[in-house]
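A.B. asks: Take this structure, written in structure tokens, and hold onto it; I'll ask about it next.
The values are calculated or read from the model by the stated rules, or taken from the named source; none is laboratory data. This structure is a prediction, so every number in the text was calculated from the model and none was measured. Neighbour counts are summed over all protein chains in view; Cβ atoms, including those assigned to glycine, are modelled from backbone coordinates with ideal geometry.
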Amino acid sequence: MKKKSIFASLLILIIVSLMGCTGIKEVAVDTPTASFNQQQDLSMYIVQDEKVEEKKVVPLDPNLEYLNTAEFKALMNTTKATSGTRTTYEQYPSEWKFVLVDARPQKVYNEGHINGAINIPDSEFDKYKNLLPENKDSLIVFYCGGLDCPLSKNSALKAKELGYTNIKVYQEGTPAWKAAGNYLVVGTEYVKDIIMETYVSREDTKPYVLIDARPYKMYFDEHIPNSIPMDDTLFSQKYATIIPTDKSSDIIIYCGGFSCGKSHTVAKELVARGYTNVKVYAGGLPTWKAAGLPSFGMKSTGGSFNVAEGKVDRGLTPDQFTEKIKATNVVVLDVRTAEERSNGAIPGSIHIPDSEIHANPQAIASKLPKDKNTTILIHCASGVRAGGVVNKVADLGYPNTFYLNNAIHISEDGTFGF
């Protein structure tokens, strides 16, 4: 032990003497107290992903029957894409063995619905229930915006109360239908809006392709403004190569109305090629003309149409909503249900469910600010219901009315995010 101790002491003296030869001044340092095995907490430097609020799936109602996407597709396969009896979007195809009902607000229906569906918004069910078939034994299928959308279930229960005995709900709705490789159908208002100067001339709007699938001579005689001719019989050989390479491009196809299958033929081919945003304007040129909208071509009757007609863009992005809410003389209008609001609401906001506004806009006027110059910011959960009532509120004499065209989640303390 003594030899080891002497050797260790000698070794330390040699090391110290060698260090002294370097001429480097010795500096005293604090003895580290932390263990070398202890990991430093770097959590403050990690950028956390923004938490996205999970959407709540609507519970299945034991009193209703449901269809999954495979079952609904099998039902749709029993029909044709066209209808020889249908002349307006308010009519269901009488040739079909069932009636398909979209329970979402009209604006959303116009922007894209399942082919053949009529629109009976759940919030306006009593107003449009006359569109349902007279035969109470008719098979009626309700759908809306997916597993988290309560509108189809609500409407199905209302129809059951009216005495309809053969009701089913396609709860997976439009998201699942589109994800399964199907196109949607748009209404006249959607096509009208995208040809307006307020849409075409804005740099933040997406470009689109509007296709006339009829023979060229028919196109030359008369067509919807901004459309381009692509005869469905020549599409694969001639026109498929000039379609945008971006598979998410907005492509709308039309032809000679509900009885014309040419637009559906082109839509199916585009979907098969991987395009994800394909739409058919099923009403086509006849519905367009019936609405008093302009056509171009040799048969055009002239007339007047203000393409610069100024529709106020009332939709707000999250940034715009956040900026406006900071200003003075601003009121937030929450149009969600009482149950949704109970989980959290923006402090000071007014609560009027969208169903009340649809039922009687004049009746809710007393709940709004007396100052008609007040800025009113409307929100729901996703932007859909708010967009459906924004013009009805504005028409009450509030020109500074806008809606959040985006999903919003509100905590119990009133803080919100997007």
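A.B. asks: For residues in the stretch 362-390 being surrounded by fewer than 16 Cβ atoms within 10 Å (Cβ to Cβ) and part of a helix (DSSP H, G or I), which is farthest from the chain's Cα centre (by Cα)?
C.D. replies: Among those residues, the one meeting the criterion is 366.
A.B. asks: Has the stretch 337-349 got any residue that is in a loop (DSSP other than H, G, I, E, B), touching a strand residue (DSSP E or B) at 6+ places or on another chain (Cβ under 9 Å) and free of Cβ contacts under 8 Å to residues at least 40 places away in the same chain?
C.D. replies: Yes, there is a match, as at least one residue in the stretch 337-349 is in a loop (DSSP other than H, G, I, E, B), touching a strand residue (DSSP E or B) at 6+ places or on another chain (Cβ under 9 Å) and free of Cβ contacts under 8 Å to residues at least 40 places away in the same chain.
A.B. asks: Can you name every residue in the stretch 81-99 that is touching a residue at least 40 places away in the same chain (Cβ under 8 Å), charged (D, E, K, R) and surrounded by fewer than 18 Cβ atoms within 10 Å (Cβ to Cβ)?
C.D. replies: 90, 97, listed by residue number.
A.B. asks: Return yes when residue 263 is in the same structural domain as residue 221 (by TED's automatic domain parsing) and out of contact with any Asp or Glu (no Cβ under 7 Å at 6 or more places or on another chain) and no when it is not.
C.D. replies: On the way: in the same structural domain as residue 221 (by TED's automatic domain parsing): yes; out of contact with any Asp or Glu (no Cβ under 7 Å at 6 or more places or on another chain): yes.
Criteria met by residue 263.
A.B. asks: Does residue 179 qualify as being surrounded by fewer than 17 Cβ atoms within 10 Å (Cβ to Cβ), under 16 Å from the mean Cα position of the chain (by Cα) and either farther than 23 Å from residue 82 by Cα or among the small types (Gly, Ala, Ser) (or both)?
C.D. replies: yes
A.B. asks: Regarding residue 351, is this residue touching an Asp or Glu at 6+ places or on another chain (Cβ under 6 Å) and surrounded by fewer than 19 Cβ atoms within 10 Å (Cβ to Cβ)? Give the steps one after another, and end with the answer.
C.D. replies: Numbers: touching an Asp or Glu at 6+ places or on another chain (Cβ under 6 Å): yes; surrounded by fewer than 19 Cβ atoms within 10 Å (Cβ to Cβ): yes.
Yes: the conditions hold for residue 351.
A.B. asks: Ok, one more. Is it true that residue 118 is of a type outside the set (Lys, Arg), in contact with an Asp or Glu (Cβ under 9 Å, 6 or more places away or on another chain), crowded, with 18+ Cβ neighbours inside 10 Å and not assigned by TED's automatic domain parsing to the domain that holds residue 275?
C.D. replies: Values: of a type outside the set (Lys, Arg): yes; in contact with an Asp or Glu (Cβ under 9 Å, 6 or more places away or on another chain): yes; crowded, with 18+ Cβ neighbours inside 10 Å: yes; not assigned by TED's automatic domain parsing to the domain that holds residue 275: yes.
It is true that residue 118 is of a type outside the set (Lys, Arg), in contact with an Asp or Glu (Cβ under 9 Å, 6 or more places away or on another chain), crowded, with 18+ Cβ neighbours inside 10 Å and not assigned by TED's automatic domain parsing to the domain that holds residue 275.
A.B. asks: Then there is this: From the list 124, 71, 95, which one is among the acidic types (Asp, Glu), over 27 Å from residue 360 (Cβ atoms) and in a helix (DSSP H, G or I)?
C.D. replies: On the way: 124 fails: over 27 Å from residue 360 (Cβ atoms); 95 fails: in a helix (DSSP H, G or I).
Within the list 124, 71, 95, the selection yields 71.
A.B. asks: To continue, here is another question. Show me the helices (runs of 4 or more DSSP H) entirely contained within the stretch 127-233 in which 1 or more residues are touching a Lys or Arg at 6+ places or on another chain (Cβ under 9 Å) and on the phi > 0 side of the Ramachandran plot.
C.D. replies: Working: elements: 151-161, 173-179, 188-195, 197-200, 216-221.
By residue number, 173-179.
A.B. asks: Right, here's the next one. In the stretch 73-98, what residues are within 26 Å of the chain's Cα centre (by Cα) and charged (D, E, K, R)?
C.D. replies: Residues satisfying the conditions are 73, 90.
A.B. asks: Tell me which residues, restricted to the stretch 101-140, are among the hydroxyl-bearing types (Ser, Thr, Tyr) and in contact with a helix residue (DSSP H, G or I) (Cβ under 7 Å, 6 or more places away or on another chain).
C.D. replies: 123
A.B. asks: Let me ask something else about it. Please verify whether residue 285 is among the aliphatic types (A, V, I, L, M), part of a helix (DSSP H, G or I) and touching a residue at least 60 places away in the same chain (Cβ under 8 Å), treating the condition exactly as stated.
C.D. replies: Details: among the aliphatic types (A, V, I, L, M): yes; part of a helix (DSSP H, G or I): yes; touching a residue at least 60 places away in the same chain (Cβ under 8 Å): yes.
Yes, satisfied.
For (1) surrounded by fewer than 20 Cβ atoms within 10 Å (Cβ to Cβ); (2) under 24 Å from the mean Cα position of the chain (by Cα); (3) under 24 Å from residue 306 (Cβ atoms); (4) in the same structural domain as residue 245 (by TED's automatic domain parsing), each residue gets a yes or a no:
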| residue | (1), (2), (3), (4) |
| --- | --- |
| 134 | yes, no, no, no |
| 139 | yes, no, no, no |
| 194 | yes, yes, yes, yes |
| 230 | no, no, no, yes |
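A.B. asks: Condition (residue is within 26 Å of residue 85 (Cβ to Cβ), under 27 Å from the mean Cα position of the chain (by Cα), surrounded by fewer than 18 Cβ atoms within 10 Å (Cβ to Cβ) and of a type in the set (Ser, Thr, Tyr)) applied to the stretch 242-263: is it met by at least one residue?
C.D. replies: No - not one qualifying residue is present in the stretch 242-263.
To keep it simple, each residue is scored yes or no on (1) at pLDDT below 95; (2) outside the structural domain of residue 408 (by TED's automatic domain parsing).
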site	(1), (2)
254	no, yes
286	no, yes
307	yes, yes
332	no, no
349	no, no
360	yes, no
